[in-house]
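The values are calculated or read from the model by the stated rules, or taken from the named source; none is laboratory data. Fair warning: this is a prediction, and the values are worked out from it, not measured in the lab. All Cβ positions, glycine included, derive from the backbone under ideal geometry; neighbour counts span all protein chains shown. Note: accessible area is taken over every heavy atom of the protein model, side chains too, but ligands, DNA and RNA are not part of it. Shrake-Rupley method; radii C 1.70, N 1.55, O 1.52, S 1.80 Å.
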Amino acid sequence: MSFLVATVLRVARPCFLFTFALWFVGGVASAEPGDSLTLPVVDDPALELTLVASAPQIVTPVGIAVDAKGRLFVVESHTHFRPPSYQGPPQDRVMMFEDRDHDGQFETRSVYAEGFTWAMNLAWGADGELLLLERHNLSALRDSDGDGKADKITTLLQLQTETQYPHNGLFGFVLGPDGYLYVGMGENFGNSYTLKGSDGKTHAGAGEGGNVFRCRPDGSQLHVYATGFWNPTGLAFHGKSQLLAVDDDPETRPPNRLLDVVAGADFGFRYHYGNAADHPFVAWNGELPGTLPMLGPVGEGASGLLSTAGLNWPAAYSNSVLVTSWSDRRLEVHKLSAKGATYQTEMKVLVHGDSGFHPVALAQGPNQEVYFTDWVKRDYNVHGQGRIWRLAPRKPAPQRGRHALPADNGARRRMLALTQITGSVSKAQARGVEAALRGGDPFLQTAAVGALAREPEFCRAHAWMRHKNPRVRLGALLAFKHAAFFQQQAAPDTADLIRSALADPDLQVRLAATIWGAEGRWLKPQDGALLAKAAQTAPRTPRLRLAYRAAAKLLGTEVLSALAAPGPEELQRRLQTPAKAPQDVQNQQAAIWQLAQAAHPNAATLFEALARDKRHNVVVRADAIGALAMLGQAAAVVPLLDDPAAAVQTEAARALRVAMGDPKVASALAAKLNQVRKSRSPHAKRLVQELQMALQDDSVVTEPRPEGLRAWQQALAAGRGDANAGRRAFVHPGIGCSRCHRAADLGTSLGPPLTFIGGELPHRLLESLLDPSIDVVWSARQFELKDGNSYIGMVKQRRSDGSLILVNAAGQEVPLAKQDIVSETKADASLMPDGLMEALTVQGVRDLFAFLRSSRSTTPFENEDQVIKDR
């Protein structure tokens, strides 16, 4: 037996650069002396972080499990995007580390099992066997003779699909206190699949997004438990009945989510529409009828999840879960507190590291310690690096009593009682179901919908479709949808029920009927007249308007005239009369940007007149100046440097950056700078900054420029941004955001839309602006074709036959057939160029973030009660 002796490193605050060496005795390979490691920072001095194994003792580790003896079982990946030159074992394996003398160091390591492909995760089964999850299989590994090697492998679940991609199939799983196995499956590129249990029972699907399945520990009695995920990468129980999950996001719709996975839950994502999470039929935070919200956001690349309920850690960690963020390079702790029948969360970063720290999976040890794996590099390819860390209290915490759960309350108990209703709903139960549907708690509503859906022949659901309360009618409609998906039992008159609901006076009922009718193909092209009639019936919400359009497109009907976007003539007409109300200002702003993006022949002349006309709203005039810059016609606004309106002056200075090749423009800007540089007014300060940016003149410092992420965060917090000015910065050709990104219907779709990233993850966007290639999460691909052509862009969708849809720099969709592709390479650096922050003043950055936050709040998913009129 080989023995491994490791120099064990521990770290809390602060973080120092240590040099460490691993020695070996008896033939175990070691790292070269002098290898350096920047240790992760632990943001709690009561906890201690220990490095217990490192490459080459462990490489590219993912899943981890710990038994009662303290032995570590770790999935060592060798097949995840394996490069041609890779020298590791041919397949994945499970490594076992053992601390035989219980001194905290693992003296031995051995191969427990091997021969796997795209292995993902580990967990313990009901009978003590080790369960291994591969992309296509769930297997039980048993060491029946006690020699430290698995000698019996039993397949429990099989995923049958043509999709061959490592990590969007079977992923996270956990054995629940109820004795059931819960298994997460990813979006599978929306391709057809069949998941087969050990008893032959199957579930087939395609395009609905990710699911969580439930089965017995032996793989029998398989059924879908919850849906609407992207990739549920980690599952864990918090207490006896609360199944939680972390869900990766579809790149276009951060953040990653922490979810309370209850029976029959729908979390809103659908792969029918690719990774377009801004589609009107897709929800990410409970925005659509029948979908549930997240408990809170988690870091990007969320991979591992562990409840602290079983840990005897300091009291500050009670009612919490730990989450690993692969992309954000940190371990987070999320404190849970009751919110109705579910939770709300408060996040703190517990451990964070540099670009060589990418934590993945978590497991609890027998002595209150937590172990987690570290992929080390940002590369998706297997690369020969890896680490295992241990996190534990420095001093044993006093034993606590019963772990009180945050949602162990009346609302949660009522929800669980509703999930237990099977068969006919009694009169007493009906009162509880009706109360839950009437109330505003979406988790109680989901449980009530499930109870209705399980009723034979949907007797009460049919009756409640005519209920006077719109929330009860909505619940009844959703019950039919629930039964069709979760129970594979559709009511014979489903299509008629949906058609009737299209005319319901309640907008939420109409929205649910429109989405389900079109998505489930219950509505047919000949039902276009019904959609048209519903669309012409006021009032409508922005979300409902887009849902009608999407339904018409999905059904292949003609574009509904009532919903057709205004044409150029109508847009120009809207700009002729000065606005009298805030809604008129918004309409004129929308008209300006639609005409500018379409590069309408009359646009430049129209915008110049609008910018000069002092009768118009200042915001509208400034937008017209920004649109002139977008069209390359900024030189016309030189006279507006002396306009009485401060916003007009500032926008003129920024717009003229693109016309600096004209000596008259440069002279006018220099003269204006000399005129205002000594003024102390807030407006003059902004104007000086824009003038200096255009002239590349740093002779006057009106606001120190921050250095580094923390300094920028402080600077952004020190002042308020102007969302309207931020919109103009977003489309400014000298800044360039809109060339690759989209926000609030502006820009192109080469990179991820910034509406959600900037609005919900401003720190992530700020990091990317400062260092675009720090972690390339959204990387471009380059394809070489047989005909000699080369295409660069973002992959929007991959199909099971190997073909794909690429979005190029112009935002155009380019279909590529598998047989035409010679090679595909991934960019090592981001497409976003360095130095973008240098194109913005400090105030300009504040403005940009203000715009992105405001654009998030005005997307079709928000303000669902805001009624709009036809324009």
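For region 504-518, a tally of residues being more than 26 Å from the chain's Cα centre (by Cα), surrounded by 24 or more Cβ atoms within 10 Å (Cβ to Cβ) and within 12 Å of PRO289 (Cα to Cα) returns 3.
The residues of region 237-261 that are open to solvent by 10 Å² or more (accessible area, probe 1.4 Å) and either of a type outside the set (Ser, Thr, Tyr) or closer than 22 Å to ALA483 by Cβ (or both), listed by number, are PHE237, GLY239, LYS240, ASP248, GLU251. Restricting region 370-387 to residues that are at pLDDT 95 or above and among the charged types (D, E, K, R) leaves a set whose member that is surrounded by the fewest Cβ atoms within 10 Å (Cβ to Cβ) is ARG387.
Taken over region 221-236, the residue count meeting the criterion of being open to solvent by 20 Å² or more (accessible area, probe 1.4 Å) and assigned to a loop (DSSP other than H, G, I, E, B) is 2. In region 729-746, the residues that are under 12 Å from ALA596 (Cβ atoms) and assigned to a strand (DSSP E or B) reach residues that are of a type in the set (Val, Ile, Thr) and open to solvent by less than 10 Å² (accessible area, probe 1.4 Å) with C-beta atoms within less than 8 angstrom, at least six apart or across chains, in these pairs: LEU746/VAL731. Within region 503-524, residues that are over 15 Å from LEU544 (Cα atoms) and touching a residue at least 24 places away in the same chain (Cβ under 8 Å) have Cβ atoms under 7 Å from residues that are assigned to a helix (DSSP H, G or I) and open to solvent by 40 Å² or more (accessible area, probe 1.4 Å) in no pair, counting only partners at least 6 apart in sequence or on another chain. For region 262-273, the set of residues classified as more than 14 Å from the chain's Cα centre (by Cα) and crowded, with 21+ Cβ neighbours inside 10 Å consists of VAL262, GLY264, ALA265, ASP266, TYR273, listed by residue number. Candidates in region 54-69 are the residues that are in a loop (DSSP other than H, G, I, E, B) and open to solvent by less than 10 Å² (accessible area, probe 1.4 Å); of these, the one that is farthest from SER110 (Cα to Cα) is THR60. Answer with yes or no whether LEU336 is part of a strand (DSSP E or B) and either buried (at least 19 other Cβ atoms within 10 Å of the Cβ) or out of contact with any Pro (no Cβ under 8 Å at 6 or more places or on another chain) (or both). Yes; evaluated as a whole, the condition is true for this residue. Is at least one residue of region 450-470 farther than 25 Å from TYR225 by Cβ and open to solvent by less than 10 Å² (accessible area, probe 1.4 Å)? No.
For region 79-105, the candidate set comprises residues that are under 27 Å from the mean Cα position of the chain (by Cα) and open to solvent by less than 40 Å² (accessible area, probe 1.4 Å); within that set, the residue that is nearest to THR324 (Cα to Cα) is HIS80.
Within region 410-421, residues that are surrounded by 14 or more Cβ atoms within 10 Å (Cβ to Cβ) and at pLDDT below 95 have Cβ atoms under 7 Å from residues that are assigned to a helix (DSSP H, G or I) and of a type in the set (S, T, N, Q) in these pairs: ILE421/GLN429, counting only partners at least 6 apart in sequence or on another chain. The residue pairs whose first member lies in region 357-377 and is without any contact (Cβ under 8 Å) to a residue 24 or more places away in the chain, whose second member is assigned to a loop (DSSP other than H, G, I, E, B) and among the hydrophobic types (A, V, I, L, M, F, W, C), and whose beta carbons are closer than 9 Å, counting only pairs six or more residues apart or on different chains, are GLU369/LEU311. Is there a residue in region 588-603 that is over 38 Å from the mean Cα position of the chain (by Cα) and not in a loop (DSSP other than H, G, I, E, B)? No: region 588-603 contains no residue that is over 38 Å from the mean Cα position of the chain (by Cα) and not in a loop (DSSP other than H, G, I, E, B). Taking region 276-295 as the range and being open to solvent by less than 20 Å² (accessible area, probe 1.4 Å), out of contact with any helix residue (DSSP H, G or I) (no Cβ under 9 Å at 6 or more places or on another chain) and closer than 26 Å to THR748 by Cβ as the test, only ALA283 passes. In this structure, is PRO644 over 30 Å from ARG510 (Cβ atoms), assigned to a loop (DSSP other than H, G, I, E, B), open to solvent by 20 Å² or more (accessible area, probe 1.4 Å) and not β-branched (Val, Ile, Thr)? Judged against the criteria, PRO644 is a match. Number of residues in region 130-185 that are part of a loop (DSSP other than H, G, I, E, B), out of contact with any helix residue (DSSP H, G or I) (no Cβ under 9 Å at 6 or more places or on another chain), within 30 Å of ASN275 (Cα to Cα) and open to solvent by less than 20 Å² (accessible area, probe 1.4 Å) equals 2.
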